[in-house]
Amino acid sequence: MKGDVLKAKDYRTDLQPVWCTGCGDFGVLKGLTQALADLQVDPDRLAVISGIGCSSRLPGYVRAYSFNSIHGRALPIATGLKTARPELTTIVVGGDGDGFSIGLGHIPHAVRRNTPLTYVVMDNGIYGLTKGQASPTTDLEAKRSRGLAGADDEPLNPVLLVLSSGGGFVARTHAGNLPHMRAIFREAIQYPGFAFVHVLAGCVTYQPRGYADQLLERSYELPADYDPARPEQAAAAARDHRFALGVLYRRPVTERSEARGGDGHAEWMSPDDVARRDLPGE
Ligand code: SF4
C-alpha cells in the first residue's frame, strides 16, 4: 500500500454500516472518505473519535484509529489524543443530540483551546438511536405537530453558537450535496486550529418524509464574492432563517501561528511546543 495513491474506498473498513437505508450519514461517510483521499491522509496517522448516537457509529467504518466513545464526550477525548499525539489528523464526529445537549459544554472550551480538530456534527434535528425524541435542534413546528417534549423551546443555532464562542473556522454543508461537502471537509481538515462543520442531514425513520429535501430547499450556497474573513458578515449569515452553505467564517492565519500549528487566536501548543517555549526570566 505504501507509495500507492489512496482512493476513497481505501479509507473504508470491511464493516457494513447499520444505518437505515437513505440515512444522511451515508453521504457524510462518503464525503469524508473522498476528502481524506483528496488530501492523501495517511490512515496510520488518522484518528476518528465519536460520542454516542446513530452518526457516532461512523468511526467504525473509516480506516483509522477509531473510538466510538461515550455520550457527549468526544471532544475532550479527542483533545487529549491530539495533545499526546499531535502528528495525528484527528476528526471528531457525532450528532446534534450528542454534541448539543450533554456535550454542549465542551464546545466553547474546544474553541478557546483551539486544538487542531475537525468537528463534524451530523444534524438531523432528532434523537435517532433512541427512537425519535426532540433534540436541541428540532424545530418548533415539528415538536408541536408531533407532540414532542419542549414544544415551546426555540431550537439552538449551532453555527451561531460556535461563532459567538470565537470559533476560527465555521462552515455548513448538506449531506445530500456531495461535491460541496467534500470540499468543505477538505478545507476543515487543513485548517490549523479548531474547525467546526455543521452538516444538515436527514433521518428517514424519525423525521417526516422529504425532510432532507426540505432542508436543501431552505439552503443556499454563499455567493462567490462572500468574504469569510468578516465576522459580522458571518454572524448575519448564521442568523438567516435559511441555511447558508459554505465557509461562513475563517479567521486569517498568521505565518507564525501556522508554523506552530495554531491559527493565532488561542495559540495551541503541542507538548513539544510547551517544552520549547521561552518562559519569563529564562
Ligand atoms: Fe439514520 Fe435516523 Fe436511521 Fe438513525 S434512525 S440510522 S439517524 S435514518
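The values are calculated or read from the model by the stated rules, or taken from the named source; none is laboratory data. Note that the structure is a prediction, hence the values are computed from the model and not measured. Neighbour counts run over all protein chains shown; Cβ positions are idealised from the backbone, glycine included. Heavy atoms of the whole protein, side chains included, go into the accessibility calculation; ligands, DNA and RNA do not. Shrake-Rupley method; radii C 1.70, N 1.55, O 1.52, S 1.80 Å.
Does Val204 qualify as being open to solvent by 40 Å² or more (accessible area, probe 1.4 Å), out of contact with any Asp or Glu (no Cβ under 8 Å at 6 or more places or on another chain), over 20 Å from Gln34 (Cα atoms) and touching a residue at least 40 places away in the same chain (Cβ under 8 Å)?
Yes: the conditions hold for Val204.
Does at least one position in region 58-73 carry a residue that is open to solvent by 10 Å² or more (accessible area, probe 1.4 Å), hydroxyl-bearing (Ser, Thr, Tyr), in contact (Cβ under 8 Å) with a residue 60 or more places away in the chain and under 22 Å from Tyr191 (Cβ atoms)?
No, there is no match, as no residue in region 58-73 is open to solvent by 10 Å² or more (accessible area, probe 1.4 Å), hydroxyl-bearing (Ser, Thr, Tyr), in contact (Cβ under 8 Å) with a residue 60 or more places away in the chain and under 22 Å from Tyr191 (Cβ atoms).
Against the definition (more than 16 Å from the ligand (Cβ to nearest atom) and open to solvent by 10 Å² or more (accessible area, probe 1.4 Å)), how does Ala171 come out, yes or no?
For Ala171, the condition - more than 16 Å from the ligand (Cβ to nearest atom) and open to solvent by 10 Å² or more (accessible area, probe 1.4 Å) - is not met.
Output the number of residues of region 214-254 satisfying the condition of being without any contact (Cβ under 8 Å) to a residue 24 or more places away in the chain and more than 26 Å from Val111 (Cβ to Cβ).
Of the residues in region 214-254, 5 are without any contact (Cβ under 8 Å) to a residue 24 or more places away in the chain and more than 26 Å from Val111 (Cβ to Cβ).
Just name the residue that is farthest from the ligand (Cβ to nearest atom) out of those in region 232-246 that are open to solvent by less than 70 Å² (accessible area, probe 1.4 Å) and assigned to a helix (DSSP H, G or I).
Gln233
Which of the residues that make up region 52-92 are within 13 Å of the ligand (Cβ to nearest atom) and not charged (D, E, K, R)?
Ile52, Gly53, Cys54, Ser55, Ser56, Leu58, Tyr61
Taking helices (runs of 4 or more DSSP H) that do not extend beyond region 80-167, which have at least 3 residues that are modelled with pLDDT of 95 or more and crowded, with 16+ Cβ neighbours inside 10 Å?
Answer list for region 80-167: 106-113, 158-165.
Which one of these does Glu217 not meet: (1) within 20 Å of Gly176 (Cβ to Cβ); (2) open to solvent by 80 Å² or more (accessible area, probe 1.4 Å); (3) in contact with a helix residue (DSSP H, G or I) (Cβ under 9 Å, 6 or more places away or on another chain)?
Against the list (1) within 20 Å of Gly176 (Cβ to Cβ); (2) open to solvent by 80 Å² or more (accessible area, probe 1.4 Å); (3) in contact with a helix residue (DSSP H, G or I) (Cβ under 9 Å, 6 or more places away or on another chain), Glu217 comes up short only on (3).
Would you point out the residue of region 1-51, among those that are charged (D, E, K, R), modelled with pLDDT of 95 or more and exposed (fewer than 14 other Cβ atoms within 10 Å of the Cβ), that is nearest to the ligand (Cβ to nearest atom)?
Of everything passing the filter in region 1-51, Asp14 is nearest to the ligand (Cβ to nearest atom).
Looking at region 93-131, which of its residues are among the charged types (D, E, K, R) and either within 13 Å of Ala78 (Cα to Cα) or within 15 Å of the ligand (Cβ to nearest atom) (or both)?
Matches in region 93-131: Asp96, Asp98, Arg113, Asp123, Lys131.
Condition check: free of Cβ contacts under 8 Å to residues at least 12 places away in the same chain, at positive phi and surrounded by fewer than 24 Cβ atoms within 10 Å (Cβ to Cβ). Does Gly210 satisfy that?
yes
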